[in-house]
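See below for the structure under consideration.
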Amino acid sequence: MHFTGTVYRNPYWPTWPLLEITQGCTHNRCKFCTMYKDLSFWMSPMEWIEEDLKELSETDPDARTIQLLSANPLVLTYDKLAAIFEMIHRYLPRMEYIYLAGRVTDLKNKTVE
Ligand code: SF4
């Protein structure tokens, strides 16, 4: 698995597999948060994401929930997110829920379509 920087796991759901699709935080200005202070934001290469999904399909093929990392993956465009979600479905066909932590400012830039 490609975990390149800060990794957080939701303590309430410790068994969900993690998939890093971005690293760092585009905002990085919340006064209470130091998680990504020393990291630049970047998107994981699609090759890494696919390699990690292949690995997860071998270690956790029946996974129904996955947690995406890192801070605000919703900042990615719809086209990039859709390609990643389709890849998740291809490698983990029983997937039902995709969990991530996102900023409202990233979500408000998306249209309903
Ligand atoms: S948006 Fe989240 S990760 Fe980014 S600085 Fe604020 S609390 Fe930290």
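The values are calculated or read from the model by the stated rules, or taken from the named source; none is laboratory data. Being a predicted model, the structure only gives us computed values, none of them experimental. Positions of Cβ are backbone-derived with ideal geometry, glycine not excepted, and every protein chain shown enters the neighbour counts.
Screening Gln23 on (1) touching a Phe, Trp or Tyr at 6+ places or on another chain (Cβ under 6 Å); (2) modelled with pLDDT of 95 or more shows it passes everything except condition (2).
Take Leu39 and decide whether it is out of contact with any strand residue (DSSP E or B) (no Cβ under 9 Å at 6 or more places or on another chain) and surrounded by fewer than 18 Cβ atoms within 10 Å (Cβ to Cβ). Answer is no for this residue.
When the residues of region 100-112 are narrowed to those that are surrounded by 13 or more Cβ atoms within 10 Å (Cβ to Cβ) and not basic (Lys, Arg), which ends up nearest to the ligand (Cβ to nearest atom)? Among residues in region 100-112 that are surrounded by 13 or more Cβ atoms within 10 Å (Cβ to Cβ) and not basic (Lys, Arg), the one nearest to the ligand (Cβ to nearest atom) is Ala101. Return a yes/no flag: does region 53-70 have any residue that is more than 16 Å from the ligand (Cβ to nearest atom), within 25 Å of Lys110 (Cβ to Cβ), free of Cβ contacts under 8 Å to residues at least 40 places away in the same chain and more than 14 Å from the chain's Cα centre (by Cα). So far as region 53-70 goes, yes, one or more of its residues are more than 16 Å from the ligand (Cβ to nearest atom), within 25 Å of Lys110 (Cβ to Cβ), free of Cβ contacts under 8 Å to residues at least 40 places away in the same chain and more than 14 Å from the chain's Cα centre (by Cα). Somewhere in region 29-39, is a residue touching a residue at least 24 places away in the same chain (Cβ under 8 Å) and more than 16 Å from the ligand (Cβ to nearest atom)? For region 29-39, residues touching a residue at least 24 places away in the same chain (Cβ under 8 Å) and more than 16 Å from the ligand (Cβ to nearest atom): absent.
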